[in-house]
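Input: a single structure, listed below in structure tokens.
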Amino acid sequence: MAESAEEIRKHVRVYILVFAALAVLTVVTVAVSYLHLESVAATVLIALFIASIKGGLVAGYFMHLVSEKQIIYWVLALTVVFFAALMLLPSITEFSGVGDLDG
């Protein structure tokens, strides 16, 4: 399906705005790394929050997930749930005593 020149300009403008947002968020991430917060964990959490926003922008616009059907969002949500479970699994086993060799 051929798109008109106006539609192409609209898409290019969106891509440029997303690129600018990613550049600004990258600068913000670097700036946060220079802040001297009370804990390193707070700095890391802020940086991960900013990275999540950047990842959402990339997935939404550059991977065209914004215009996808509902099933894509369910698959993405399921992936996030499995990722969170896999990230928490070492912590759960560490604190529950499962697998301790001490007896």
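Some notes on this structure:
- Pairs with Cβ under 7 Å, 6+ apart, first in region 40-68 and over 19 Å from residue 30 (Cα atoms) and open to solvent by 90 Å² or more (accessible area, probe 1.4 Å), second at pLDDT 85 or above and part of a helix (DSSP H, G or I): none
- Every residue from region 1-38 that is open to solvent by less than 50 Å² (accessible area, probe 1.4 Å) and free of Cβ contacts under 8 Å to residues at least 12 places away in the same chain: 20, 23
- For region 69-86, taking the residues that are open to solvent by 60 Å² or more (accessible area, probe 1.4 Å) and within 13 Å of the chain's Cα centre (by Cα), the one that is nearest to residue 14 (Cα to Cα) is identified as 76.
The values are calculated or read from the model by the stated rules, or taken from the named source; none is laboratory data. All values reported here derive from a predicted model rather than from experimental measurement. Don't worry about glycine lacking a Cβ; one is built from the backbone with ideal geometry, like all the others, and counts go over all protein chains shown. Note: accessible area is taken over every heavy atom of the protein model, side chains too, but ligands, DNA and RNA are not part of it. Shrake-Rupley method; radii C 1.70, N 1.55, O 1.52, S 1.80 Å.
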